[in-house]
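The values are calculated or read from the model by the stated rules, or taken from the named source; none is laboratory data. This is a predicted model, so every value here is computed, not measured. All Cβ positions, glycine included, derive from the backbone under ideal geometry; neighbour counts span all protein chains shown.
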Amino acid sequence: MRPNARNVYLDLFKYFLSFLVILIHVTQKDYDFHPLFRLAVPMFFLISGYFLYASDKETALHNAKRFIPRTLKYFLIGFGFYIVFDFIMCYVNGNGVGYYFTTLFYKDFLLEFIFLNQPITYTGAQLWFLIALLVLSVVHWLAVKFDLTKYYKFAIPVGFAIYFFFAGYMYLFQETDMPIYYTRNAWFMGLPLFALGYLLAKVDLHKRSWYKYVYLAVGVGAFFFQIIEARLAVMEMYISGVISAVMLLAFFLGLKKSRSDFYYRWFGKDGPFYIYILHMAVSEVLSKLASFDSGLVKCCVVFGISLAVYEVCFLLTKLYRRVKTQPAET
């Protein structure tokens, strides 16, 4: 086994997290009763922060620099895909090109969507996560370059305090609509979670193998602690998600690292992100072709189709590269 082999268990776990994202988006209000669903996005932020840590500053800076074009690639692919998809769906739904550009570029103001996650009439609105990750990649590179990562421990409580004020206090006590564009962005949700994952790698909480079972028990317990309530408060749901994310991240990273050439040869490591990008388009098309009595069944179908589309593209790409690199016959 290579000393720096990827954690296959964690890569497989990302597929489960992408399925949880589909559950949130497709089952509508049903997800209020399942805090497990809210684990997905915190885990993605935490995992990103965790794997960017390195004790050597030169390596840490190298990792941070490489992370920027990677997040930019994810964002451009997702954003470009949904611009084209929405353009097509405007005609399918009987709307003209004027409606498309008015909705996307004027009425809902695209810049607010990019920087504050202002909700817009846009099929790919869930891409806010990729936007947040792109912003964080630049912030993290600057933090490493100028030795500012020590301030991550202050960014965590400050970011969460602002986040819980908007997502919790205003919702519970002032009975106002939750201003989601303040809570779900790079600064108030992404940064504290990203920093938490980075510091988690730095302190290495899973030095002893048996600790991973403690993490698993606490993480799972955090899910079931509040299921007894008929309706979950938004703030409590996210607190549970953050606690569970930390514990389960430590558990899966504490498992024995192993190689799985078959997995990476036939599925690749980027599958969960592309399923995340594809699933809303698949869901919208599927809704026009079939109806489902069970939201869970629909989620499974959406996940399966998204995985199949990704798999076809992944294998075709590998085949193209193999043909391209073969020497031409003389």
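Between 278, 315, 289, the distinction of being outside the structural domain of residue 79 (by TED's automatic domain parsing) and either within 22 Å of the chain's Cα centre (by Cα) or buried (at least 16 other Cβ atoms within 10 Å of the Cβ) (or both) belongs to 278 only. Restricted to segment 1-57, and to residues there that are at pLDDT 80 or above and of a type in the set (D, E, K, R), the residue that is farthest from residue 251 (Cα to Cα) is 57. When residue 66 is tested against (1) at pLDDT below 90; (2) exposed (fewer than 14 other Cβ atoms within 10 Å of the Cβ), just one condition goes unmet, and that condition is (1). Helices (runs of 4 or more DSSP H) fully within segment 216-318 that include at least 1 residues being modelled with pLDDT of 90 or more and in contact with a Lys or Arg (Cβ under 7 Å, 6 or more places away or on another chain): 271-289. Taken over segment 284-300, the criterion of being within 15 Å of residue 93 (Cβ to Cβ) and among the polar types (S, T, N, Q) is satisfied by 287 alone.
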